[in-house]
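Before any comments, here is the structure.
The values are calculated or read from the model by the stated rules, or taken from the named source; none is laboratory data. Just so we're clear, the structure is a prediction, and the values are computed from it rather than from any experiment. Counting neighbours? That spans all protein chains shown, and the Cβs are built from the backbone with ideal geometry, glycine included. Surface accessibility is based on the protein's heavy atoms, side chains included, excluding ligands, DNA and RNA. Shrake-Rupley method; radii C 1.70, N 1.55, O 1.52, S 1.80 Å.
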Amino acid sequence: MNIPLLHPKTSTPHHSQLFLTQIRTCQSMQELKQVHAFLIKTAQNHEPVVATELLRHSATSDFRDIDYALSLFDEMPEPDCFAWNTLIRALAETHDRPLHALLFFCNMVSDGMVEPNRFTFPSVLKACSVLTRLEEGKQVHGLVVKFGFSGDEFVVSNLLRMYVMCGNMEDSHVLFRRSFDGVDYMNKVMRDKRREEGIVVLCNVMVDGYVRVGNLTAARELFDRMHKRSVVSWNAMISGYAQNGYFLEAIELFHRMQMEDLLPNRVTLVSVLPAISRLGAIEMGKWVHLYAERNKIKIDDALGSALVDMYAKCGSIGKAVQVFESLPKSNVITWNAILGGLAMHGKAKDVFDFFARMERSGISPSDVTYIAILSACSHAGLVDKGRSYFNHMVNVGFVPRIEHYGCMVDLLGRAGYLEEAKELILNMPIKSDDVIWKALLGACKVHKNVEIGRRAAEVLMQLAPHDSGAYVAISNIYASSGDWDAVAEVRLMMKDLDIRKDPGCSWIEIDGVIHEFLVEDDSHPSAKEIHSMLEEISNKLNFEGYRPNTTQVLLKMDETHKESVLHYHSEKIAVAFGLISTTPKTPLQIVKNLRICEDCHSSMKLISKIYNRKITIRDRKRFHHFEHGSCSCMDYW
DNA sequence: ATAGGGTTAG
């Protein structure tokens, strides 16, 4: 690089200006250090303006080196407020340094040479937020008042965010009311655009706070009351819905946003995609992808991961791989998204290949990566491979979490090693939870093991007394072994404890509209047509020699009644609706909230043959691609 | 020089 060759004695303010430009155009730490070295050599490193600029760049540029910045700071004889602020901000924003930022702020205050200003507090409060240090936050709040910055909107929004992030919604609300009233009044008097913007930010912080504590109702109420909303307001609400399982609401809001002429940005798309994925709404997902491309929204790793996940969860694993290949892939989440997608589709070999590629590319796997790999082994029945990946994971230093043990229980149990799966739960060094016992119970159901199944159900009923899962599963196990007395007993217990079966629910997207069906649902506008289609299907199935498998129904009832209940499982209703709403040969895609039952699985195989349709059903855990009378899972699921 | 929203998971 070109360093101006100046003799120290000739250095003037004009030359300082030259150095500032030099510093600002540096592209790496190395270049910055060269300038620094030259400044030392020519005894200009204590020139205040230049020294501060050097500090700012080493602390805040993309190639920042905080420790180097700290050493520069130590060389300053009299650091000014700007220098303190720069370092506090840099420390607060560095992943493992926010505590350091707080200590630095304490030094600043006790040093007493300079007073904190309105730029100091936002960073300090940000540090308290990420550390969720309410006590320290309150002390800083005291200093905010003492130094007279409680009217500064940047300080206030950070103060509010500190209370929100510490989960203290009561104090948040008090502060919010007070500053809102104050700012609102000022707004009326001054008609100041920037004030208005400040109010929006305060509201956004509050909406986000309510979302964080899971109070979606309060979040939505505030959102609706806002006189003005920014794209961030919409994003906060949409992601809030999506993250809390209100997928239809998230999508509905996304639509409404466009009707109100607000342009979605990259974060909006990233926020709404998980909801689209969960509902399997491929048409909407494609639309989002196209929207990003048309509007020059950069498909970075975050948006890309969400798209990969969407295509995988919507059944288009090929498209998911295609999008994946076009991404920078610098992020472990991106790799996890494709690995999880491949696993879900039962493509175990691809999972291993992609995993090897990932390691070659220098991205370190995370614990989530191993969840994807283990679940791939589980779906493909690769017990030994799963065991060896589990050991590998431990050898490279991961402490297995309950999710990993869950995968192993699933893997062993599904493959028939029920005793070993049970022993694993009993001997693992961490506390078991309801999910892991459910995995074992599910395996007992597949292998019709009454003994271990009963044991698992008993534990489960204690761990999650109001969850219908254990009752439904054990009664199905009894039913498949023909023990109707035991079934009736479970049934009675459920009645006593007022436990109801989780309603099965399926979604199918036709022409971009999502239709939702519950068990025995007749609320759809086309209910009549659907019903006759169901009858037709049933007749054709019978004609093909199909006899329903009625053992998986909770109640013992007379055979005809049982059959009619089976016909009304939500995925069958969705298929019937799909068949009458689309042209011949159109593939059908259905998403179900529970796992598919044996009867539906075998009738879907036949339906795909009789009607010559590809039918894809995504159940709670994986994909089933039905075609020409068979399923991609090879009946192992 | 300072504020608010995001992706993967048994």
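Quick one: compute the contact order of segment A:505-631, relative version, from alpha carbon pairs under 8 angstrom and 6+ residues apart, as a percent.
27 percent
Please grab the % of Cα pairs in segment A:336-399 that end up more than 13 Å from each other.
58 percent
Please pull out the direction-averaged projected area of chain A, using the convex hull of its alpha-carbon atoms, in nm² to one decimal place.
It is 35.3 nm².
In segment A:199-284, what trypsin sites (Lys or Arg not before Pro) fall in a loop by DSSP, with at most 15 other Cβ atoms inside 10 Å?
Sites meeting the loop and neighbour criteria: A:K228.
Express the relative contact order of segment A:336-399 as a whole percentage, based on alpha carbon pairs under 8 Å and six or more residues apart in sequence.
Once normalised by length, the contact order is 37 percent.
For chain A, report the accessible area per residue in Å² (1.4 Å probe, heavy atoms, rounded to an integer).
Per-residue accessible area for chain A comes out at 48 Å².
Treat each spin label as a single point 7 Å out from the Cα along the C-beta direction, and report the A:M76 to A:N549 distance in nm.
Going from the A:M76 label point to the A:N549 one covers 7.3 nm.
How about A:K126: which lysines have a C-alpha closer than 26 Å to its C-alpha, ignoring those fewer than 8 places off in the same chain?
Partners within reach: A:K138, A:K146, A:K193, A:K228.
Taking Cα atoms, how many degrees apart are the long axis of helix A:13-24 and the longest axis of chain A, rounded to 10 and kept between 0 and 90?
10 degrees
In chain A, what percent of the accessible surface is made up of carbon and sulfur (1.4 Å probe, ligands and nucleic acids excluded)?
Carbon-and-sulfur percentage of accessible area, whole number: 53.
Grab segment A:400-502 and count how many Lys pairs have their alpha-carbon atoms under 17 Å apart, sequence gap of 8 or more, or different chains.
The result is 7.
Which order do the peptides A:376-385, A:153-162, A:424-433 take when ranked by the mean count of other beta-carbon atoms within 10 Å per residue, highest first?
A:153-162, A:376-385, A:424-433
Holding the Cα-Cα limit at 18 Å, pick out from A:K319/A:K585; A:K298/A:K329; A:K319/A:K347 the pairs that are longer than that.
Listed pairs above 18 Å: A:K319/A:K585.
Would you please give the FRET efficiency between A:D300 and A:I402, computed as 1/(1 + (r/R0)^6) with r the Cβ-Cβ distance and R0 = 30 Å, to the nearest 0.05?
Taking R0 as 30 Å, the efficiency between A:D300 and A:I402 is 0.40.
Rounded to the nearest 10 Å², what accessible area does A:H255 have for a 1.4 Å probe in the complete protein model?
Probe radius 1.4 Å; accessible area of A:H255 about 80 Å².
If ligands, DNA and RNA are left out, what is the accessible area of A:E627 with a 1.4 Å probe, given in Å² to the nearest 10?
The accessible area of A:E627 comes to roughly 70 Å².
So how far apart, in nm, are the two label points at A:S532 and A:D62 if each is 7 Å from Cα heading toward Cβ?
Reported label-point gap for A:S532 and A:D62 is 6.4 nm.
Compute the label zone of A:N244 within segment A:197-212: residues whose backbone N is under 20 Å from the point 7 Å along Cα-to-Cβ.
Under 20 Å, as judged by backbone N against the label point of A:N244, lie A:201-212 of segment A:197-212.
Using 1/(1 + (r/R0)^6) with R0 = 56 angstrom and r between the beta carbons of A:E252 and A:V49, what's the FRET efficiency to the nearest 0.05?
0.55
Given a cut-off of under 8 Å on Cα pairs at least six residues apart, what relative contact order in percent is computed for chain A?
6 percent
Find, among the GluC sites (Glu not before Pro) in segment A:252-330, those assigned to loop by DSSP (not H, G, I, E, B) with at most 16 other beta-carbon atoms within 10 angstrom.
Answer by residue number: A:E260.
Among A:195-201, A:231-237, A:401-407, what's the highest-first ranking by average C-beta atoms within 10 angstrom per residue?
For the peptides A:195-201, A:231-237, A:401-407, the packing ranking is A:231-237, A:401-407, A:195-201.
Taking square-rooted eigenvalues a ≥ b ≥ c of the alpha carbon gyration tensor, is segment A:241-328 rounded, prolate or oblate, where a/c under 1.5 means rounded and, failing that, a/b exceeding b/c means prolate?
oblate
Can you give the Kirkwood hydrodynamic radius of segment A:505-631 from its Cα pairs, in Å with one decimal?
One over the average 1/r among Cα pairs gives 14.5 Å for segment A:505-631.
Mind checking which aspartates and glutamates have their C-alpha under 15 Å from A:K385, skipping anything on the same chain fewer than 8 residues away?
A:D350, A:D353, A:D410
Once Rh for segment A:398-515 is found with the Kirkwood sum over Cα pairs, what is the Stokes-Einstein diffusion coefficient at 10 °C and 1.306 mPa s, in µm²/s?
104 µm²/s
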